[in-house]
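Participant: Have a look at this one.
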Amino acid sequence: ALTVADAERSVQAARDNGRVFMVGHVLRFHPAFETLKGLIDSGELGEVRYIHSHRLGLGKFHTENDALWDLAPHDLSMILAITGTEPIEVRGEGAA
């Protein structure tokens, strides 16, 4: 969804049809990420003070959207899961 209204319509359509609406953040629930999150949550890795995400678009090429819309939400989902809070600062760069 590109707007909150679009998302709300999608959720309502699922409710109206007896379905559960979910986003496809499959990386967020990948066993490797779950292991990493467990190590962080247990304190074994210490305090998370900085997260750097570098994503390469080496897969399917999309003409209807770009890496920001296609890939960044997955990274953000994992970062939010690790930190449990919103970031203090975000910087993004893009290149082609």
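The values are calculated or read from the model by the stated rules, or taken from the named source; none is laboratory data. What you see is a predicted model, and the numbers here were worked out from it, not measured in a lab. For neighbour counting, all protein chains shown are included, and Cβ atoms are generated from backbone atoms with ideal geometry for every residue, glycine included.
Participant: If VAL48 meets every condition in (1) outside any helix (DSSP H, G or I); (2) of a type outside the set (Phe, Trp, Tyr); (3) out of contact with any Ser or Thr (no Cβ under 7 Å at 6 or more places or on another chain); (4) at pLDDT 80 or above apart from one, which number is that one?
Facilitator: So the condition that VAL48 fails would be (3).
Participant: Moving on. Of the residues in the stretch 1-31, how many are outside any loop (DSSP other than H, G, I, E, B) and over 15 Å from the mean Cα position of the chain (by Cα)?
Facilitator: From the stretch 1-31, those outside any loop (DSSP other than H, G, I, E, B) are 4-16, 26-29, 31; that's our starting set.
Next, only the ones that are over 15 Å from the mean Cα position of the chain (by Cα) stay: 4-16, 31.
So the count comes out to 14.
Participant: Here is a further query. How many residues, within the stretch 6-23, are surrounded by 11 or more Cβ atoms within 10 Å (Cβ to Cβ) and either within 22 Å of LEU76 (Cβ to Cβ) or touching a residue at least 12 places away in the same chain (Cβ under 8 Å) (or both)?
Facilitator: So the count comes out to 6.
Participant: Give all pairs with beta carbons closer than 9 Å in which a residue from the stretch 24-39 that is among the small types (Gly, Ala, Ser) meets a residue that is loosely packed, with under 14 Cβ neighbours inside 10 Å; count only pairs at least 6 apart in sequence or on separate chains.
Facilitator: GLY38/GLU44
Participant: Something else: Filter the stretch 32-50 down to the residues that are under 17 Å from the mean Cα position of the chain (by Cα) and of a type in the set (A, V, I, L, M, F, W, C), then identify the one that is surrounded by the fewest Cβ atoms within 10 Å (Cβ to Cβ).
Facilitator: Applying the filter and picking the extreme gives ALA32.
Participant: Restricting attention to the stretch 69-94, which residues are assigned to a loop (DSSP other than H, G, I, E, B) and hydrophobic (A, V, I, L, M, F, W, C)?
Facilitator: LEU71, ILE88, VAL90
Participant: Return only the number of the condition from (1) surrounded by 13 or more Cβ atoms within 10 Å (Cβ to Cβ); (2) at pLDDT below 80; (3) more than 21 Å from LEU2 (Cα to Cα) that LEU71 does not satisfy.
Facilitator: (3)
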